[in-house]
Amino acid sequence: MGAAEQSQPAALVGREIPVPYGLGTSADEAALVEQARAGDQEAFSVLVRLHQRQVYLLAHRMLRDSEEATEAVQEVFLAAWQGLRSFRGDARFATWLYRIAYNYCLKQAQHQRRAAQVKRELVEASAREHSPAQTISATHARDAEHSMRETVQGEINNLPAKYRAVLVLRHLQELSYEEMASIMRVPVGTVKTQLFRARALLKQRLEDLARFRDGGVARAEEMRTGLEIGLRGMLDYRMPSPEKEVGGE
């Protein structure tokens, strides 16, 4: 592929692309990949359409910014187009693509780390200054649940990028531990360890935030219950026991 050919398909991201191929099986996708490897831009544009939403979700969760996530999608698919010759088919195309996205977003997220820490310190300082003591009544349950979801999402965004990534790959992309290990280039045991630590850290931060706000155990217990509410729909929040869930690193 020439340089001009290599850069063109990235412009297709976000477009409504006609699908002239009969898709429905992994064999169909494999055929598209082979055609794209041979330089067929229409075949690659179909692959873009099939996977761009999932790549965006991963990028948005890791980078926490819609514009940066959109730019990441462009860069990821450009890198995929340019690197198609290196795709050997040992893993699914989606797994190979997510590995590119994961590596790109992890690198970008490193630049955000310092700013994220400053933001977290400001949030915690604000929480200490505003500590309502009143109990949430049943009549305000809906508002409380909405607030809890926002709190959980905010704390997920404040997790280190590698922990945000494992939550997304496992609970949004619904990948297996083996696929996650392939994307992250780590042993399966390390994937399980990071997932366990991500859940535990999120739980601890929410409980700490509750104590900052109200200074009491009751509010922390309420936050623990709210954690399950906030994660519902995104995360299947079932804290594993270390011996069952966590393998060696």
Residue match in segment 100-117 (condition: within 27 Å of L175 (Cα to Cα), polar (S, T, N, Q) and at pLDDT 90 or above): yes
Matching helices (runs of 4 or more DSSP H) fully within segment 142-249 where at least 3 residues are modelled with pLDDT under 85: 188-214, 217-231, 242-245
Residue satisfying all of: in segment 177-204; hydroxyl-bearing (S, T, Y) and touching a Lys or Arg at 6+ places or on another chain (Cβ under 9 Å); farthest from A91 (Cα to Cα) among these: Y177
Residue among E121, E75, E68 that alone is more than 18 Å from E29 (Cβ to Cβ), at pLDDT below 85 and not aromatic (F, W, Y): E121
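The values are calculated or read from the model by the stated rules, or taken from the named source; none is laboratory data. In this text, all values refer to a predicted model and were calculated from it rather than measured experimentally. All Cβ positions, glycine included, derive from the backbone under ideal geometry; neighbour counts span all protein chains shown.
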